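The structure appears right after this line, and notes come after that.
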Amino acid sequence: MNEKRTVSTVSEVINDFLKRKNLIQEESPWALGESTHGGIGVFATRDIESGEEVFKDYPVIIGPRTTPNNPVFCMACYRNTKPVPCLENCGLPICSAKCKEKHKAECELFKKKRGEVTNHINEKLFKFSTPLRSLLLDENDRKVVAYLKYHEGAIHGFEIDKLQKMGMKFEEPEEKYLRRVCCVMDANAFEVIVGNENNYSNLRGLYPLGSLLNHSCVPNMMHVFDKNQLMVARACMKIKKGEELCHSYARAIWGTPTRMYHLVRTKHFICRCPRCCDPKEFGSYMSAFVCKNCNGNVIPKHLFNLKSDWICEDCHVEVKREEVANLMLTLGSVLSSFDGENIEVMLKFLSGKLRKLVTVNHEMVVELKYKIVWIIGHQTQYKWNDIDDNLLNLKKSICEELLDLLRILRLGECKLKGLLLYELYLCLKEGMRRDSLTLS
Ligand SMILES: C[S@@+](CC[C@H](N)C(=O)[O-])C[C@H]1O[C@@H](n2cnc3c(N)ncnc32)[C@H](O)[C@@H]1O
C-alpha cells in the first residue's frame, strides 16, 4: 500500500470494488467517515428505516473456517453433499465436473505448493486453505485487502505455520503477504453458513464494505447471506442521518464479561457501548450470579476490566474473579454435556441448580433455553407429534421470555428475533391444530 489509509483513499478502493462486482447503488444511504471508535466507520447519509437494505457486499476472499469438526465441503460450490477428492490430486474436495472447472486455478496453485500429491482429501489442507486463496487475487483485489484494518499478534497467522509444517514453502515476500492476509481476515472476516441446520458448511468471508462496520453490543445493523454468499446488510432499527452504522462482533446472548473477553482476545479492543457501560446490562443482569450470602445480584466490581473481582449489589460481599471463572467453566461444561436426548434432565437443571446459582436472564440460562427451543418440535423424540401440551406450552413460554429479553437488550429487528418469532408461530400453529382436533 503506497497511499495513506484515509477515509478518501479507502472510499475510493471500496467503491471501485463494489463497481467491479456490480454492487454500486444509485443513491447509497451510507458513506465512510472517521469514527469515534477509532479508525474508519460507515455512517448514514440520510434517515434509514428499520428493516431497510443499506448495502450489498461480496467477499474478496472466502473459504473454510478452521473450527474443529467443520465438515468437509466442495471448494467451488461450498455444498457438503458428497464431495470427493479432486481427480487432479491437489488434495482438496470437489463435487462435480462443473465445480472442478471453477476450481482449476486453485488446483494448480495447491499442487504447485504441495509438491507431494495424493488421491485423497487432505482435511488439514482444506481447513487451512483460505488464506492461500489470496495468492490468486488480482492487483485490484490485493489493493482492497491492503486497505483493510489489521492487528498483529501471536494468535494471527497460525494457518501459515500449519501449512509450513505440512511441507509448503513460501518465499519471504509471499509469506509476509500471507501472514498479513491472516491478520486482515482475523480482524474483519464474517462467519458465513451455507445450507441449513442439518446440513451446513462453515465458511469465513472477507467482505470489504462489511469490514468497515464498527462494533456495538447495541447494533443498528444486521446481515444475512444469500446462496451465492452475497451479503445483504439491513438496518435492524431506525437510524438517523449522520449516525454510525454498527453491527455486533459478539453474540448478543453473551453477558458483558464474555463479550468483553471475546472482543479483547480476537479484535483487540474494549467496547464502551451503552450496554457495556451499564453493569446491570439494561436491567437484564445477564452476567450476574446469585449472592450466597443474601441472594442479591453479584456483578463485576469494575467495568472494562477483565481481571475485576465481583461484588454483591445488596450486601457488598466480594467474590474473587477466579471463583466466578470456575463457576462459568463448570456451568459451561454441564451445558455442553446436554445432547438433547433427554429434555427432562435439561429442564430439571434449568429450574433447579442453575437458577439457584445465577440470575433469571443469565447467559447460561439463556443458552439452555435456546437449546430447548431448537429441540422441542424438531429433534427425534420431540417432534410436534411426539410432544404433549405441557412441552408445547413450555416452548411457547420460553420463546416469549427470550423475545422479552431481546427487547430489554434493545436489539431491534435482529436475526434472533426473527428466528424466535418463527418458532413461536410454529407453537401457535401446532396449538391451533390440536384445538381443531378437539373440536371436530
Ligand atoms: C472490522 S474493523 C472495523 C473498521 C475499522 N474501524 C477500520 O478502521 O477499518 C474492526 C476493528 O475496528 C476497531 N473497532 C471496531 N469497533 C470498535 C469499537 N466499538 N470500539 C473500539 N474499536 C473498535 C477495532 O480495532 C477492531 O479490531
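Coordinate-derived values only; no laboratory data. Just so it is clear, the model here is predicted, and its values are computed rather than measured. Glycine also receives a Cβ, built like all others from the backbone with ideal geometry; neighbour counts cover every protein chain displayed.
Things to note:
- Sites Trp384 and Asn228, calculated FRET efficiency, Cβ-Cβ separation with R0 35 Å, nearest 0.05: 0.60
- Whole-number D in µm²/s for region 1-100 (Stokes-Einstein; Kirkwood sum over Cα pairs; 25 °C, 0.890 mPa s): 142
- Degrees separating the helix 363-375 axis from the principal Cα axis of the chain, which is the longest one: 80
- Using θ = phi - 60° and Karplus 6.51 cos²θ - 1.76 cosθ + 1.60, couplings along region 198-205 (whole Hz; Gly, Pro as x): 8, 8, 9, 10, 10, 10, 10, x
- Dipole axis of the chain (+1 Lys, Arg; -1 Asp, Glu on Cβ), positive-most option in Ser211, Val319, Gly115: Gly115
- Dipole of region 298-439 [Lys/Arg +1, Asp/Glu -1 at C-beta], most positive-end residue of Met364, Ile375, Leu306: Leu306
- About its Cα centre, the dipole of region 224-375 is roughly 400 debye, where the only charges are +1 on Lys and Arg Cβ and -1 on Asp and Glu Cβ.
- Given charges at beta-carbon only (K, R positive; D, E negative), |dipole| of the chain in Debye: 620
- The stretch between Asn22 and Tyr422 holds 140.7 nm of extra length on full extension. This uses 0.36 nm per residue minus the Cα-Cα distance.
- Along region 264-276 the Karplus relation, 6.51 cos²θ - 1.76 cosθ + 1.60 evaluated at θ = phi - 60°, assigns HN-Hα couplings of 5, 5, 9, 10, 6, 8, 9, 7, 10, 6, x, 5, 5 Hz to successive residues, with x for each Gly and Pro.
- Calculated P(r) tail over 40 Å for the chain, as whole % of Cα pairs: 27
- Summing charges over neighbours of Pro173, with a neighbour being any other residue whose Cβ is under 14 Å away from its Cβ, gives +1 when K and R count +1 and D and E count -1.
- Over 24 Å (Cα to Cα) - which of Lys227/Lys417; Lys19/Lys100; Lys112/Lys176 fall in this group: Lys19/Lys100
- Long pairs among Lys124/Lys267; Lys292/Lys353; Lys348/Lys371; Lys102/Lys149, criterion Cα-Cα beyond 21 Å: Lys124/Lys267; Lys102/Lys149
- Region 61-171: radius of gyration and largest Cα-Cα distance (Dmax), Å: 14.2, 41
- Relative to the dominant Cα principal axis of the chain, helix 389-408 is inclined by about 70°.
- Local electrostatic count at Cys99 - Lys and Arg +1, Asp and Glu -1, tallied over other residues with Cβ under 12 Å: +4
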